[in-house]
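As structure tokens, the structure follows; a few thoughts come after it.
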Amino acid sequence: MTHKLMILPGDGIGVEVMAEVRKVLNWLQSESGIAFDISEGLIGGASIDAHKNPLTDETLAQCRKSDAVILGAVGGPKWADVDYAIRPEAGLLRLRKELGLFANLRPAMVFDALVDASTLKPEIVKGLDILIVRELTGGVYFGEPRGIEDLGNGQRRGFNTQTYTTEEIQRVGRVAFELARKRRNKVTSCEKANVMESGKLWREEITALHKAEYGDVELEHMYADNCAMQLLRRPSQFDVIVTDNLFGDILSDEASMLTGSLGMLPSASLGKPGAPGLYEPVHGSAPDIAGQGKANPLATILSLAMALRYSLNEGKTADRLEQAAQAVLNSGTRTADIMAPGCRQVSTSGMGDALIEQLRKTKAKAA
Ligand code: NAD
């Protein structure tokens with residue numbers, strides 16, 4: 001079976017980290033017998049430069065035909081003044097919308113070798129492995145009515161609408177319960193049912209879904225503000241956290257910082273079963289270090305691992321990739337962002353090479 005992959009390096013360090021993903025794909029293709037049919041396209045500033053459009057219909061059509069899309073990052077000062085409607089980020093937002101990606105998965109994992117990179121005490125974050133599932137296409141960021149109105153007395157009123165339907169809650173809830181079954185079998189659902197009707201509905205619908213289809217999974221409800229506190233107090237109590245768009249935006253950023261570096265954080269966005277997923281690092285195009293070989297490629301390589309697991313049904317290869325990343329870090333190989341005393345600093349491509357070397361070693365040992 002051949003997996004169809006669409007690669008969108010984007011801008012800035014997106015191009016550099018994607019070159020390392022290419023190395024890994026080439027290695028997997030030649031050494032582990034997985035067949036990829038890889039296409040590459042432009043998005044963001046690179047596409048604006050070439051087509052005056054951050055995402056062309058042709059590129060979007062190619063994404064739709066793929067099993068998974070791997071993206072680097074978009075944006076940078078060069079495009080800061082382009083028209084708002086065609087700015088680099090608009091390409092990414094359009095891609096997410098057109099692919100119907102309603103569930104955003106953000107793992108927060110602390111690799112043993114990086115336990116000191118967290119701002120929390122090692123004993124609090126050691127072994128941490130949380131997955132936040134954020135609803136991505138509904139809620140207050142999209143709800144109508146919205147706007148700023150003039151009240152005519154020198155005052156203005158800004159307003160947005162938080163809205164969720166049964167279907168929107170159920171489909172993201174299902175993603176969370178299914179993922180929990182493959183992990184430690186626990187879901188924490190977060191909202192503000194105490195003060196918001198949409199939160200009350202969220203809690204009722206998650207409870208009903210749990211009762212009807214996922215009785216084997218442990219479910220707990222938590223107010224989102226309490227969750228924000230618990231993430232810092234005792235993060236190891238969580239397995240999968242499912243929450244709405246707004247709370248998910250904040251809680252996933254908070255959880256990711258438990259792990260220390262932006263250069264280590266992958267993400268996945270999923271739509272309907274069978275539709276292509278989008279896999280991208282959490283970080284942006286990092287103009288401050290772009291073109292200098294300093295970027296850590298692991299966030300994007302770990303995003304590829306998520307694609308292998310969630311879109312390509314190659315879970316074992318995903319495990320191998322993650323274990324190889326862990327082993328490379330354990331050996332003291334580091335890019336500048338995660339450098340520590342006594343470790344060996346490498347460039348972006350040096351980190352990619354070290355990962356391939358580790359995959360090679362593990363394969364030789366197993367043979
Ligand atoms: P950023 O994530 O690009 O960078 C923040 C800081 O983290 C910088 O100091 C950077 O050097 C560092 N950093 C980020 N990724 C790293 C990596 N892999 N290795 C080592 N260090 C890394 O965020 P920003 O500076 O706020 O934004 C820069 C541009 O990226 C902006 O144009 C922004 O709009 C865009 N952006 C895009 C995305 C995306 O494509 N999904 C996300 C965030 C920001």
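The values are calculated or read from the model by the stated rules, or taken from the named source; none is laboratory data. No experiment lies behind these values; they were computed from the predicted model shown. Every residue, glycine among them, receives a Cβ derived from its backbone with ideal geometry; neighbour counts consider all protein chains shown. To get the accessible areas, we keep the full protein, side chains included, count just its heavy atoms, and leave off ligands, DNA and RNA. Shrake-Rupley method; radii C 1.70, N 1.55, O 1.52, S 1.80 Å.
A few points about this structure:
- Volume of the Cα convex hull of region 103-270, divided per residue and given in Å³: 132
- Put a dot 7 Å past the Cα of Ile148, heading toward its Cβ, do the same for Arg22, and the two dots end up 4.4 nm apart.
- Each of Ser261, Cys227, Asn245 was scored by the projection of its Cα onto the charge dipole of region 103-270, and the greatest displacement toward the positive side belongs to Ser261; charges sit on the C-beta of Lys, Arg, Asp and Glu.
- Global size of the chain: 20.9, 78 Å for Rg and Dmax (C-alpha atoms, Rg to one decimal, Dmax whole).
- Restraint check, Lys182/Lys316; Lys97/Lys316; Lys52/Lys78, Cα-Cα greater than 20 Å: Lys97/Lys316
- Residues considered: Asp116, Asp37, Asp81. Largest GNM mean-square fluctuation over the chain, using C-alpha springs under 10 Å, is found at Asp81.
- Percent carbon-and-sulfur accessible area, region 103-270, ignoring ligands, DNA and RNA, probe 1.4 Å: 52
- Choice from Ala35, Ala325, Ala90 showing the highest fluctuation, given a GNM over the chain with Cα pairs closer than 10 Å: Ala35
- The spacing between region 44-66 and region 182-244, judged by their C-alpha centroids, is 37 Å.
- Using the Cβ-Cβ distance between Ala367 and Asp116 with R0 = 35 Å, the FRET efficiency computed as 1/(1 + (r/R0)^6) comes to roughly 0.50.
- Estimated 222 nm signal from helices in the chain, with DSSP H stretches of n ≥ 4 weighted -39500 (n - 2.57), rounded to 500: -13000 deg cm²/dmol
- Where the chain is the region considered: accessible area per residue in Å², 1.4 Å probe: 45
- Residues of type aspartates and glutamates that Lys365 reaches as a straight line, Cα spacing below 15 Å, ignoring anything fewer than 8 places off in the same chain: Glu31, Glu357
- Linear extension gain, Ala208 paired with Ser349, 0.36 nm per residue minus alpha-carbon span: 45.8 nm
- Choice from Gly277, Gly14, Gly154 showing the highest fluctuation, given a GNM over the chain with Cα pairs closer than 10 Å: Gly154
- Phi to ³J(HN,Hα) by Karplus 6.51 cos²θ - 1.76 cosθ + 1.60 over region 214-223, Hz, x for Gly, Pro: 10, x, 6, 9, 6, 10, 10, 9, 8, 5
- Rolling a 1.4 Å probe over the protein heavy atoms leaves Lys272 with an accessible area of roughly 150 Å².
- Pairs of Cα atoms nearer than 8 Å and 6+ residues apart set the relative contact order; for the chain it is 21 percent.
- Within the assembled protein chains, the solvent-accessible surface assigned to Phe142 is about 110 Å², based on a 1.4 Å probe.
- Working note: Karplus 6.51/-1.76/1.60 with θ = phi - 60° gives region 231-244 the couplings 4, 8, 6, 8, x, 5, 6, 9, 10, 10, 10, 10, 7, 7 Hz, where Gly and Pro are set to x.
- For Phe36, the residues whose amide H sits under 5 Å from its own are His3, ignoring neighbours fewer than 5 places away on the same chain, with H placed 1.01 Å from N.
- What the phi angles of region 77-89 give under the Karplus curve with 6.51, -1.76 and 1.60, with θ = phi - 60°, is a coupling list of x, 4, 10, 4, 9, 6, 3, 3, 5, 10, 5, x, 5 Hz, glycine and proline written as x.
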